[in-house]
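Down below is the structure, laid out as structure tokens.
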Amino acid sequence: MKPIYAKPPLGSRAAFQVRKDYFDVLDTKWHYHSEYELAFINYPHGKRIAGNAMATFEQGDLVFYGPNLPHAWSHEPAIGEKEMSSYNNGLSHYAVVVHFSADCFGESFFAIPEMNAIQAVLKRSIHGLVVKGQARARVANWMNQLVDHTGSARVILLIQILQELATTTEYDLLCSAGYWDNLNDNDAVRMSGIYEYILKNFTKEIALEEIAQQAHISPSAFCRYFKARTKRTLKEFVNDLRISHACQLLEENQLSITQICFEAGFNNISNFNRRFKEFKGITPQQYRFNILGIYRNTNNAAIAGNR
């Protein structure tokens, strides 16, 4: 699953690109590009990979990615789902995607004082942002309008979206900062192979000698190379993926915490609990309790609203 460098096909007279893609089953290639990306994935449920973070989503996903952040989406079966066709409703599944560069409105447009708040969210986007709540509803609505508008109306809508992202608190950061920073073409090819190997093997013990061989460099050189480009050690990076995977399993609530510990790639429960608390600030048990509480409150609110 090597990431593809995807150059959005900006028209010669377009400052930025907007497109709407329809699909039956969600399945995008793992890719990256030098432009910022806003994406609204109108899909019942799925899995998102962004940098060193994996997560599931339900009832649509809205994200804002900074340049060179590898990402992908795929269909993730819902609990008890038997047939994909039960969700396949023709053109009801779609993605609205916006690509723009830092200088799309001129070299210094986002640097003027009036753009300070937007400039700040552009910097935060190196982590990737997932937008939630009412902010997600508003931005998704404006993104759908972008598809139908042209000219200055389209420009105004994009600035409106960026202003919403700059002022809302309804978002989470997705992954570590500085991921794949300042890559050249040779780095991109090498890091593609490294990342592919990690994604396939992160739930197992990854030997430094083996992954260094994949990159065609010595183990000591690999450690320096990997940290220089990801701002993480290999162990930290793998643990991030393991904890993200554990969170997904905790949310599904199908396995015990001990089972999840080993399923995610940890070799003992005490180490799992310690690493999880370092990453999330709470224990796996507290995380599951909080998630179940959110589900209960959501269901109770829905029931009350239907009375």
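Looking at Y32, is it in the same structural domain as L158 (by TED's automatic domain parsing), modelled with pLDDT under 95, in contact with an Asp or Glu (Cβ under 9 Å, 6 or more places away or on another chain) and crowded, with 22+ Cβ neighbours inside 10 Å? If you could, list the steps in order and put the result at the bottom.
Values: in the same structural domain as L158 (by TED's automatic domain parsing): yes; modelled with pLDDT under 95: yes; in contact with an Asp or Glu (Cβ under 9 Å, 6 or more places away or on another chain): no; crowded, with 22+ Cβ neighbours inside 10 Å: yes.
Against the criterion (in the same structural domain as L158 (by TED's automatic domain parsing), modelled with pLDDT under 95, in contact with an Asp or Glu (Cβ under 9 Å, 6 or more places away or on another chain) and crowded, with 22+ Cβ neighbours inside 10 Å), Y32 does not qualify.
Here L10 clears all of (1) closer than 17 Å to A95 by Cβ; (2) modelled with pLDDT under 85 except the condition numbered (1).
I161 passes every criterion in (1) over 17 Å from the mean Cα position of the chain (by Cα); (2) in a helix (DSSP H, G or I); (3) not assigned by TED's automatic domain parsing to the domain that holds Q119 apart from (3).
The residues in region 107-124 that are in contact with a Leu (Cβ under 8 Å, 6 or more places away or on another chain) and either part of a strand (DSSP E or B) or not aliphatic (A, V, I, L, M) (or both) can be counted, and the count is 2. Pairing each residue of region 134-162 that is farther than 16 Å from V97 by Cβ with any residue that is charged (D, E, K, R), provided the two are 6+ apart or on different chains, yields C-beta distances under 7 Å for Q134/E170; A135/E164; A135/E170; R138/E164. Among the residues of region 139-157, the ones that are within 22 Å of D172 (Cα to Cα) and out of contact with any strand residue (DSSP E or B) (no Cβ under 7 Å at 6 or more places or on another chain) come to 2 in all.
Residues being farther than 30 Å from R224 by Cα, touching a helix residue (DSSP H, G or I) at 6+ places or on another chain (Cβ under 6 Å) and not hydroxyl-bearing (S, T, Y) are represented in region 166-182 by at least one member.
Looking at I198, is it touching a residue at least 24 places away in the same chain (Cβ under 8 Å) and within 24 Å of P70 (Cα to Cα)? Considered against the rule, which asks whether it is touching a residue at least 24 places away in the same chain (Cβ under 8 Å) and within 24 Å of P70 (Cα to Cα), I198 comes out as yes.
Does I303 qualify as being at pLDDT 80 or above and either in contact with a helix residue (DSSP H, G or I) (Cβ under 9 Å, 6 or more places away or on another chain) or not basic (K, R) (or both)? It would help to see each step written out before you state the result.
On the way: at pLDDT 80 or above: no; either in contact with a helix residue (DSSP H, G or I) (Cβ under 9 Å, 6 or more places away or on another chain) or not basic (K, R) (or both): yes.
When the stated conditions are applied, I303 does not pass them.
Looking only at region 165-176, which residues are crowded, with 18+ Cβ neighbours inside 10 Å and assigned to a helix (DSSP H, G or I)? Correct list: L165 only. Return the residues of region 197-239 that are in contact with a Ser or Thr (Cβ under 7 Å, 6 or more places away or on another chain), under 19 Å from R275 (Cα atoms) and at pLDDT 90 or above; say none if nothing qualifies. Matches in region 197-239: none.
Tell me, which residue of region 118-138 that is in contact with a strand residue (DSSP E or B) (Cβ under 6 Å, 6 or more places away or on another chain) and at negative phi is surrounded by the fewest Cβ atoms within 10 Å (Cβ to Cβ)?
Out of the qualifying residues, it is V130.
The values are calculated or read from the model by the stated rules, or taken from the named source; none is laboratory data. From a predicted model like this one, the values you see are computed outputs, not experimental measurements. Quick reminder, even Gly has a Cβ in these numbers, built from the backbone with ideal geometry, and neighbours come from all protein chains shown.
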